[in-house]
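Trainee: I am attaching a structure below and will ask some questions about it afterwards.
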Amino acid sequence: MQALRLKLEAYIKKYLELWDFYGVIQVTKKGELLFENAYGYANIEFGIKNDIRSRFSIASMAKQFTAFAIMLLYDKKMLDIDKSAQLYLPADMKIDESITVHHLLSHTSGLYNFYNFDNDFFAGYNRMDYSRDEFFRQYINKKPTNAIKLKMQTSEWY
């Protein structure tokens, strides 16, 4: 494993000579930590460097993995994508009952998007006191937009 660790370190060092990288790299094999290091800044403006405990927003990266997991459940008949998504959500995260799992997967649910926010969560909201429940109530738990609801009542979106 030591040889692999040295090879990883050499590769990453060469990469960093060519390109900027801001993040954390961790490589494990069969549960053994081979390499771990942090690079660049978590916040350039305030001069805060990344460390091993830095966390990053993955934005839309998780969508493809979530969709894949949902389709695995669908294939195993553990989930019906044409049923209301409410059936699969925790009690405190219920959305409009007309929204199906398929609507969520195909982005046709009519749920508010970040660019529809009345108050900008990313700039105007104090994220230091961030509450998942409050965020859900304020930004997500609203009736679907009319244009999408109309589309949901037809078969156009299929």
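The values are calculated or read from the model by the stated rules, or taken from the named source; none is laboratory data. Just so it is clear, the structure is predicted and the values come from calculations on it, not from any experiment. A quick note on method: Cβ atoms are made from the backbone with ideal geometry, for glycine too, and the neighbour counts reach across all protein chains shown. These accessible areas exclude ligands, DNA and RNA; they are computed on the full protein's heavy atoms, side chains included. Shrake-Rupley method; radii C 1.70, N 1.55, O 1.52, S 1.80 Å.
Trainee: All but one of (1) closer than 30 Å to Lys142 by Cα; (2) open to solvent by 50 Å² or more (accessible area, probe 1.4 Å) hold for His103, so report the exception by its number.
Mentor: With (1) closer than 30 Å to Lys142 by Cα; (2) open to solvent by 50 Å² or more (accessible area, probe 1.4 Å) applied to His103, the lone miss is (2).
Trainee: Right, next: Which members of the range 48-68 meet the condition of being among the small types (Gly, Ala, Ser) and at pLDDT below 90? Break it down stepwise before answering.
Mentor: If we filter the range 48-68 for residues that are among the small types (Gly, Ala, Ser), which is where we start, we get 54, 57, 59-60, 62, 67.
Matches in the range 48-68: Ser57, Ala59, Ser60, Ala62.
Trainee: Would you confirm, using the coordinates I've provided, whether Lys14 is of a type in the set (Lys, Arg), part of a helix (DSSP H, G or I) and surrounded by fewer than 11 Cβ atoms within 10 Å (Cβ to Cβ)?
Mentor: Yes; evaluated as a whole, the condition is true for this residue.
Trainee: Looking at this structure, is Thr145 at pLDDT 75 or above, surrounded by 10 or more Cβ atoms within 10 Å (Cβ to Cβ) and hydroxyl-bearing (Ser, Thr, Tyr)?
Mentor: Judged against the criteria, Thr145 is not a match.
Trainee: Considering only residues that are in contact with a strand residue (DSSP E or B) (Cβ under 8 Å, 6 or more places away or on another chain) and either surrounded by 19 or more Cβ atoms within 10 Å (Cβ to Cβ) or at pLDDT 90 or above (or both), which ones fall in the range 91-100? Explain how you work it out, then say what you get.
Mentor: At the first step, the residues of the range 91-100 found to be in contact with a strand residue (DSSP E or B) (Cβ under 8 Å, 6 or more places away or on another chain) are 97-100.
Of everything in the range 91-100, those that are in contact with a strand residue (DSSP E or B) (Cβ under 8 Å, 6 or more places away or on another chain) and either surrounded by 19 or more Cβ atoms within 10 Å (Cβ to Cβ) or at pLDDT 90 or above (or both) turn out to be Ile99, Thr100.
Trainee: Another question, if that's okay. Please tell me if Leu4 is modelled with pLDDT under 90, open to solvent by less than 60 Å² (accessible area, probe 1.4 Å) and either more than 30 Å from His102 (Cα to Cα) or out of contact with any Cys (no Cβ under 6 Å at 6 or more places or on another chain) (or both). Let's see the steps before the verdict.
Mentor: Working: modelled with pLDDT under 90: yes; open to solvent by less than 60 Å² (accessible area, probe 1.4 Å): no; either more than 30 Å from His102 (Cα to Cα) or out of contact with any Cys (no Cβ under 6 Å at 6 or more places or on another chain) (or both): yes.
When the stated conditions are applied, Leu4 does not pass them.
Trainee: OK, next. Scan the range 62-83 for residues that are under 13 Å from His102 (Cα atoms) and under 15 Å from the mean Cα position of the chain (by Cα) and jot them down.
Mentor: Matches in the range 62-83: Thr66, Ala67, Phe68, Ile70.
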